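The values are calculated or read from the model by the stated rules, or taken from the named source; none is laboratory data. Keep in mind that what you see is a predicted model, and the values were worked out from it rather than measured. Positions of Cβ are backbone-derived with ideal geometry, glycine not excepted, and every protein chain shown enters the neighbour counts. Note: accessible area is taken over every heavy atom of the protein model, side chains too, but ligands, DNA and RNA are not part of it. Shrake-Rupley method; radii C 1.70, N 1.55, O 1.52, S 1.80 Å.
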Amino acid sequence: MMPTLQTQGHPAFDPMSPPEAGAALLAQARALQRAAQSGTTQPLLKGKNLGLLCETADAADAVLFQRAAAELGAHVSHIRPSLSEASTAHEVAHTARMLGRLYDAVECQGMPPALVTRMGEAAGVPVYGGIATAGHPTARLAEQLEGGLRADDNRRFVLQAFLLSTLA
């Protein structure tokens, strides 16, 4: 069974049903997996700057996001979040707009979903809600990849497929 992916705000997925989006991600992840195994990975996100909002850059999920993006040529900057659910609408919108000017996309880890949604409404760029975390539907998609690789490797390929589909 294909997990449901939230696709709102990601133009590459908007015309697709959630099962179609999941199947497309798996197909792309398999292609990335084959490229990595043959040593032909391309820097498809070269020139892209991504922001990573999380408390610690050395947490496993943060490292996974950084590695997945860097292997595709993107630059990732770690940003400590200063917003909370108690932040005013003006603070959230102002911060989101600034991040949208600096980055091509922003990954938010460990932040309340409502706050991530508010940021996504104002940023003008994709704002992801923990796409590299174990609880995100991308992690369940990774379980469907074959090839005998470690779970983290499969998660990385699905994450890369997601990034490519929303940024390339």
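What the table shows:
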{"item": "Cβ-Cβ under 7 Å pairs, at least 6 apart or on other chains, segment 32-43 side open to solvent by less than 70 Å² (accessible area, probe 1.4 Å), far side in a helix (DSSP H, G or I)", "result": "Leu32/Phe157; Leu32/Gln160; Leu32/Ala161; Gln33/Phe157; Thr41/Ala35; Thr41/Glu71"}
{"item": "Glu85, sole failed condition from (1) over 20 Å from His136 (Cα atoms); (2) at pLDDT 90 or above", "result": "(2)"}
